[in-house]
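Here the structure is laid out as structure tokens; the discussion comes afterwards.
The values are calculated or read from the model by the stated rules, or taken from the named source; none is laboratory data. Keep in mind that what you see is a predicted model, and the values were worked out from it rather than measured. Calculation scope for accessible area: heavy atoms of the full protein, side chains included, ligands and nucleic acids excluded. Shrake-Rupley method; radii C 1.70, N 1.55, O 1.52, S 1.80 Å.
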Amino acid sequence: MRNNNSFCQNIGCRVTSCSYNEDGCHCSLDAIEVAPCSGCHSGKKEDESNCASYKAK
């Protein structure tokens, strides 16, 4: 993952099962990796990408 500190990142997240979730709405990571879902090409946003930085609590 590329780390570029030349900008300010704000990551909203409502996935409360993730260990990086703070207060139910914010990701505590400086950056996240977004990856395509394996074998999904439906065009629906919920099928096309995943937060690859997710870590279960």
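Answer with yes or no whether Ala31 is at pLDDT 95 or above and among the hydrophobic types (A, V, I, L, M, F, W, C). Considered against the rule, which asks whether it is at pLDDT 95 or above and among the hydrophobic types (A, V, I, L, M, F, W, C), Ala31 comes out as no.
Restricting Asn21, Asn10, Asn3 to those that are under 13 Å from the mean Cα position of the chain (by Cα) and modelled with pLDDT under 90 reduces the list to Asn10.
Of all residues in the range 3-57 being aliphatic (A, V, I, L, M) and not in a loop (DSSP other than H, G, I, E, B), which is least open to solvent (accessible area, probe 1.4 Å)? First the steps, then the outcome.
Start the filter on the range 3-57 by keeping residues that are aliphatic (A, V, I, L, M), which leaves 11, 15, 29, 31-32, 34-35, 52, 56.
So of that shortlist, the ones also not in a loop (DSSP other than H, G, I, E, B) come out as 34-35, 56.
Working: Val34: 88, Ala35: 31, Ala56: 62 Å².
Applying the filter and picking the extreme gives Ala35.
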